Amino acid sequence: MAQVAKKILVLYAHPSQERSEINTPLFKTTQLQPNVTAVDLYGEYPTFRINIDREQQRLRDHDIVVFMFPLYWYSTPAILKEWQDLVLEYNFAYGAKGKTLCGKTFLCALSAGGSESAYCEEGYNHFSLRELLRPLEQMANLTGMNFLAPFALFCARTASEENRVDTHVQKWIRTLRALSEDRFDIEFAQSLEKLNGHLDQLIREH
């Protein structure tokens, strides 16, 4: 009996897409993948009037939830916070009756302008990327989702001139397909600082 593919919901948030050299090609390629619903939140909700019922149904319909965004001031762009505040309601996402998200998988696909070495206690930003994502990790914990390490690209401003974009996109597609086909080591992915660099260990080949 053929295995049913896991459905992936990618919520993309970039307020300046015309200036994006990483997230725009990443999102456009994501839109073409099977078993993936890719939503441009700024495109769909330019006035931030988020359709709560629609977004909650999207969550019901998918097994894996991805926030895709550039790191802005050590956090997400504003619309992702608005989305969380409105969509993740009591008795839907948490609370005595809020079991909708339990057992689903959550991860971030993000880009950061600084170098990886800047994201540590001794570095320019004083905290690791995983530490800066703690609010999202706790959101996942509270709602019963499995929080995975981020899929991250550092030094994003120079990635295009350094010819790193295509490789990054291909690694992301490999990640998406493995997640959808249930060939991804979720437990190991939860323990890492970031997924990049560990795909050969994380993904079971056919």
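The values are calculated or read from the model by the stated rules, or taken from the named source; none is laboratory data. Note that the coordinates shown come from a computational prediction; the quantities given were computed from them, not determined experimentally. For neighbour counting, all protein chains shown are included, and Cβ atoms are generated from backbone atoms with ideal geometry for every residue, glycine included. For accessibility, only protein heavy atoms count, side chains too; no ligands or nucleic acids. Shrake-Rupley method; radii C 1.70, N 1.55, O 1.52, S 1.80 Å.
Largest accessible area first, the residues His198, His126, His168, His206 order themselves as His206, His126, His198, His168 under a 1.4 Å probe with ligands, DNA and RNA left out. Measuring with a 1.4 angstrom probe and ignoring ligands and nucleic acids, Arg54 comes out at about 100 Å² accessible.
Note on Phe127 and Gln57: the extension gain reaches 21.7 nm, defined as 0.36 nm multiplied by sequence separation minus the Cα-Cα distance. Counting only protein heavy atoms and a 1.4 Å probe, the chain has 51 square angstrom of accessible area per residue. Each other residue within a Cβ distance under 10 Å of His62 adds +1 if Lys or Arg and -1 if Asp or Glu, for a net charge of +3. For the chain, the relative contact order comes to 22 percent (Cα pairs under 8 Å, sequence separation of at least 6).
Please list 3J(HN,Hα) in residue order for region 90-96, calculated via the Karplus relation 6.51 cos²θ - 1.76 cosθ + 1.60 where θ = phi - 60°; whole Hz, with x for glycine and proline. Values, residue by residue: 4, 6, 10, 9, 7, x, 4 Hz.
Helical content of the chain, expressed as a calculated mean residue ellipticity at 222 nm, amounts to -9500 deg cm²/dmol (DSSP H runs of 4 or more residues, -39,500 (n - 2.57) each, divided by residue number, nearest 500). Connecting C-alpha atoms closer than 10 Å in a GNM of the chain, tell me which of Phe92, Phe151, Phe106 has the biggest fluctuation. Of Phe92, Phe151, Phe106, the Gaussian network model singles out Phe92 as fluctuating most.
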